[in-house]
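Trainee: Dropping the structure in here first, questions after.
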Amino acid sequence: MPFIIYSALRIALIVVVGIVLYLVGMRGWLLGVVAILVALLVSYLALSRQREAAALYIATRRTQRQTSGVQLTERLDRDNADEDEAIDASAAQPARAATVTVDDQAPAVQATPAPGEVPVASDRETDPEK
């Protein structure tokens, strides 16, 4: 969570610096570049406490993952196996078959074209074999 707070503060700082530079009269692509560079320098000086908290948080999480021995790929493999079991279990249950009959001799439904629209001929009208 400290990493998210630090990132949000840095983004807010870029926006604030950009607004100030815009009000001063800077325009164009240079506004974005200068806003990012100035915000980088200001965040390095003003957000050192949040930066250290974020770095500590990331280091702690990395250490916890290394000491627990459970890697992300192992967790993904377990999740995939659970999902496969659920799919196999649902496939084993008999599925209700829906019967659909298509009457080939049914007359074609013709839609009335909207005003200004060109009517489109169906396959039966253009192909005499059908």
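Trainee: Please state which one of L37, L30 is more than 27 Å from the chain's Cα centre (by Cα), assigned to a helix (DSSP H, G or I), loosely packed, with under 11 Cβ neighbours inside 10 Å and aliphatic (A, V, I, L, M).
Mentor: Matching residue, one of L37, L30: L30.
Trainee: Also: Taking the condition of being of a type in the set (A, V, I, L, M), assigned to a loop (DSSP other than H, G, I, E, B) and open to solvent by less than 70 Å² (accessible area, probe 1.4 Å), how many residues in the stretch 1-27 meet it?
Mentor: 1
Trainee: Restricting the search to the stretch 40-74, which residues are open to solvent by 80 Å² or more (accessible area, probe 1.4 Å), β-branched (V, I, T) and modelled with pLDDT of 90 or more?
Mentor: The answer is I58, and nothing else.
The values are calculated or read from the model by the stated rules, or taken from the named source; none is laboratory data. This is a predicted model, so every value here is computed, not measured. Methodologically, a virtual Cβ is constructed for each residue, glycine included, from the backbone with ideal geometry; neighbour enumeration extends over all protein chains shown. When the accessible area is computed, the model is the full protein with side chains, heavy atoms only, and any ligands, DNA or RNA have been set aside. Shrake-Rupley method; radii C 1.70, N 1.55, O 1.52, S 1.80 Å.
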